[in-house]
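What follows is one structure encoded as structure tokens, with my remarks underneath.
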Amino acid sequence: MRRTIHFAAISLPISLLFALFLAILLNSENVLGRSIYRTLFYMPTMIPLVATVLIWNGVLNEQTGWINVLIERLTGIRATGTQGLRWLADPNLVYYAYTMFGLWGVGNAMIIFLAGLQGIPKELYEAAEIDGANWLQRLIFITIPLLTPVIFYQLVLGVIGSLQYFLAPFVLNNGTGFPEGMTRFFMVYFYKQSFTFFSMGYGATLAWLMLIIAMIITIVLFGTARYWVFYTTEER
């Protein structure tokens, strides 16, 4: 559970911020071919998750992966002598490598953020611009507050999804926890106990524990939402 929470603390903020960044960028009227870019960023979500993991296993290869090749071309040297960065074998890098898997499929979150952005009245931006507000001020005082219901929705789904993270470590190393046990997440442990060692009673206990933890976190999020989530139908 500690490893699962550690991974969620890294991957969830990065994924949400990246999806929001793309949505804001592709909502701008100054971007030519917005529909094409929206389609291109959404297309990776159509690829099966197992295929995505295998693709990124090659992309992050320490010797032939194009990310390490790009780093070598830019710096002129290998990151670790004769090898590149060991993205999937270094305990300090593996969580960031798995986060890249998620960024590849960020199209769903981007589309939801984009829908939220398009629901914000343009009159608010025009009034703020007349009052002299710059782009950053409009983002902080108009876009973000009116987008908080969508952010809250994405946060709840992201937390639950992070607690259930399973596919990538299982496909890449069969749930062994490589490297150094860093990828032995809660759901991997649950699967091994239930369907490898056939400890069904213990596995059922783990499943109930996950349900209780997810419920507690969800209740806490809903309890704190009234302090930072703004709905246009409410008076503050």
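The values are calculated or read from the model by the stated rules, or taken from the named source; none is laboratory data. These numbers come from a predicted model, not from an experiment. Counting neighbours? That spans all protein chains shown, and the Cβs are built from the backbone with ideal geometry, glycine included.
The combined condition, being out of contact with any Lys or Arg (no Cβ under 9 Å at 6 or more places or on another chain) and not in a helix (DSSP H, G or I), is not fulfilled by Ala109. No other residue among Thr183, Thr176 is hydroxyl-bearing (Ser, Thr, Tyr), outside any helix (DSSP H, G or I) and farther than 27 Å from Ala109 by Cβ apart from Thr176. If you go through the range 30-45 one residue at a time, do you hit one that is closer than 26 Å to Ile160 by Cβ and of a type in the set (Gly, Ala, Ser)? The answer is no; no qualifying residue exists. Exactly one residue out of Gln193, Gln164 is of a type in the set (S, T, N, Q) and within 21 Å of the chain's Cα centre (by Cα), and it is Gln164.
The single condition among (1) over 19 Å from Leu16 (Cα atoms); (2) out of contact with any Gly (no Cβ under 8 Å at 6 or more places or on another chain) that Tyr153 does not satisfy is (1).
When Tyr165, Tyr189 are screened for being of a type in the set (Ser, Thr, Tyr), surrounded by 15 or more Cβ atoms within 10 Å (Cβ to Cβ) and without any contact (Cβ under 8 Å) to a residue 24 or more places away in the chain, only Tyr189 passes.
In the range 80-139, the residue that is surrounded by the most Cβ atoms within 10 Å (Cβ to Cβ) out of those that are of a type in the set (Ser, Thr, Tyr) and over 14 Å from Asn27 (Cα atoms) is Tyr98. Selection of first residues in the range 215-226 that are more than 15 Å from Ile151 (Cβ to Cβ) and of second residues that are surrounded by 10 or more Cβ atoms within 10 Å (Cβ to Cβ), restricted to Cβ pairs under 6 Å at least 6 apart or on distinct chains, gives the following pairs, ordered by first then second residue: Ile217/Val159. Filtering Leu147, Leu155 for residues that are crowded, with 17+ Cβ neighbours inside 10 Å, modelled with pLDDT of 95 or more and within 30 Å of Ile55 (Cβ to Cβ) leaves a single hit, Leu155. Being at pLDDT below 95, over 26 Å from Leu155 (Cβ atoms) and either hydrophobic (A, V, I, L, M, F, W, C) or outside any helix (DSSP H, G or I) (or both) is true of Leu74.
Taking first residues from the range 1-24 that are of a type in the set (Phe, Trp, Tyr) and partners that are not in a helix (DSSP H, G or I), the Cβ contacts under 7 Å between residues at least 6 apart in sequence or on separate chains come to Phe7/Tyr165; Phe7/Phe185; Phe18/Val106.
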